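In what follows, a single structure is set out as structure tokens and then discussed.
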Amino acid sequence: MTIHTTHPFASEEPDRDPVRRLRGRLGGVVTLWTAGDAQGRAGLTVSSVMVAGGEPGRVLGLLDPDSDLVEVLQRTRAAVVHLLRWEHRDLADAFAGVAPAPGGPFRTGVFVADTDGPRLESATTWARVEIESLVEVGWSLLVTATITAAEIGDEDDPLMHRRGRYRRVGGPGGPAAD
């Protein structure tokens, strides 16, 4: 793990990757993708995610092709995608590999064995997915997954990520706060 002293979206550095800076300005809800079984498990924090309606619905995510999660997804062909809340920000950092996690990131929360991978017990919104395809797109791996089941809970305090920082969104109709 490498912790950099510079801000990844710093505007005073003209040579910074403009694509990365553009993506950082889009922002999005932080998700946690987990997969695995008794043979091994892995997880990854992902904010480049879309949900496509249809029969069946699908989740599309851009994952780091070098992540441990990709290896497990290729083996199990299934995962659990969780929407994280403000309370999960330390867990999100651990799974992103930017914060220490003694004993591994799965020790940062309570996970229960699920049919498609470890499920974060405190996540109120999550989906079981089956991997449909993994395709290289730029420096990422586009994962298209079919939603097989979903639990939709209250999300009054979603964990948002924009410009390299977590953002807190107020309750219904409330202002955004940092």
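The values are calculated or read from the model by the stated rules, or taken from the named source; none is laboratory data. Owing to the predicted nature of the structure, the values given are computational and were not obtained by experimental measurement. Ideal geometry is used to build each Cβ from the backbone, glycine not excepted, and the neighbour counts take in all protein chains shown. Note: accessible area is taken over every heavy atom of the protein model, side chains too, but ligands, DNA and RNA are not part of it. Shrake-Rupley method; radii C 1.70, N 1.55, O 1.52, S 1.80 Å.
Residues that are modelled with pLDDT of 95 or more, of a type in the set (V, I, T) and surrounded by 21 or more Cβ atoms within 10 Å (Cβ to Cβ) do not occur anywhere in the range 131-139. Restricted to strands (runs of 3 or more DSSP E) entirely inside the range 23-111, those with at least 2 residues that are of a type outside the set (K, R) and touching a Ser or Thr at 6+ places or on another chain (Cβ under 7 Å) are 31-37, 40-46, 58-63, 78-83. Within the range 52-94, the set of residues being of a type in the set (D, E) and more than 17 Å from E130 (Cα to Cα) comprises D64, D66, D68, E87, D90, D93. Condition check for T115 on (1) modelled with pLDDT of 95 or more; (2) touching a strand residue (DSSP E or B) at 6+ places or on another chain (Cβ under 8 Å); (3) open to solvent by 50 Å² or more (accessible area, probe 1.4 Å): one failure, at (1).
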